[in-house]
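Notes follow the structure.
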């Protein structure tokens, strides 16, 4: 096995769930990437006041002449932990294939700013990529987004609220659209008021911190921060993946999002991880993700199965 192959296998390691069961926060990847991949860290995509917003770029070292489709990863961590470095390892295999330009986005955490700062930042990153499409030789109409847990919530918001002006913010590249071409949501919340009705209506601490107060005091904000609020027939295709035994984000959240998308006529594929908790990974899961991006970003005639997957 070559050194590049060993590195690639390391970077393709399974997504990590912290043992405590708290929401996802991938650790930074410190191993060297394959020699055919270039990583450019801390690229500024906008500003929130004086605060620089940054992303990491992961791309083929020698891409072809045609503009590449883009995969954008948005990290988890309950909106208050994690950082963009955690997404680099998930994206390296896609860049190493030579078929994708990738970016891992950093955004303001809830300890720094409450909602809607997080979606403002993510939308600014999408707009920045489109504004710089010629420089990086990427296809601005083929940007797919992928995220776990809190990142799953944010990518779902990108997918359903592409035309919602009050969620755009003013962090950069205002002349561009924040619409995306497809969405991969791993175990993301979709309906905050429903979460608040669980266990006597006590909202999880992470949601309270995100919204800036208890759900019973932030009812309008909870609705405004829920992806299901904005579902419409012109939303992009979704791949929703969720564990049936998720004790952090209830499985019903995925069922609700998928049902709303299907009712609106959106192309939504729902994959159940039977017996799975809040950590998602493994060869079969990644096979579905690759097929989904191949179909919706590269136009390949491939099947994206919705057959349930047994948890490891």
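Out of the DSSP beta bridges found with both residues in the chain, what percent are antiparallel (nearest 5)? Percent antiparallel among DSSP bridges in the chain is about 30.
With the contact rule set at Cα under 8 Å and sequence spacing of 6 or more, what percent relative contact order holds for the stretch 180-263?
Values: 97 pairs, mean separation 37.2, N = 84.
After rounding, I find 44 percent.
Figure legend: label point modelled 7 angstrom from the Cα of residue 66 along Cα→Cβ; residues of the stretch 103-139 with amide N under 13 Å from it are 139.
Is the shape of the stretch 54-187 best called rounded, prolate or oblate, per the rule: a/c under 1.5 gives rounded, else a/b larger than b/c gives prolate, else oblate, with a ≥ b ≥ c the square roots of the Cα gyration tensor eigenvalues? Because a/c hits 1.5 or more and a/b fails to exceed b/c, the stretch 54-187 counts as oblate.
What is the stretch 141-268 by shape, rounded, prolate or oblate, if you read a ≥ b ≥ c off the alpha carbon gyration tensor as root eigenvalues and call it rounded for a/c under 1.5, prolate for a/b larger than b/c, and oblate otherwise? Can you show the working numbers first?
Working: a/c = 1.88, a/b = 1.29, b/c = 1.46.
Since a/c reaches 1.5 but b/c is at least a/b, the shape of the stretch 141-268 is classed as oblate.
For the stretch 130-152 and the stretch 217-243, what is the separation of their C-alpha centers, rounded to whole Å? Cα centroid to Cα centroid, the span is 19 Å.
Which of the peptides 107-120, 214-227 is most tightly packed, and how do the rest follow, going by the mean number of other Cβ atoms within 10 Å of each residue? List each step's numbers first, then the result.
On the way: 107-120: 19.9, 214-227: 18.3.
So the peptides 107-120, 214-227, ranked by packing, come out 107-120, 214-227.
When you restrict to C-alpha pairs under 8 Å that are six or more residues apart and normalise by the size of the chain, the relative contact order lands at 16 percent.
In whole Å, how far is the Cα centre of the stretch 283-309 from that of the stretch 30-80? Each part reduced to its Cα centre gives a spacing of 22 Å.
By the gyration tensor of its Cα atoms, with a ≥ b ≥ c the square roots of the eigenvalues, what is the shape of the chain: rounded for a/c under 1.5, prolate for a/b over b/c, or oblate?
Details: a/c = 1.45, a/b = 1.24, b/c = 1.17.
The shape class here is rounded.
When peptides 73-81, 282-290, 55-63 are ranked by their average number of other Cβ atoms within 10 Å per residue, the highest-first order is 73-81, 55-63, 282-290.
Rule-based calculations on the coordinates, nothing more; no lab input. Everything numeric here is computed off the predicted structure, so don't read it as measured data. Because the Cβ atoms are built from the backbone with ideal geometry, glycine has one as well, and the counts that use them run over all protein chains shown.
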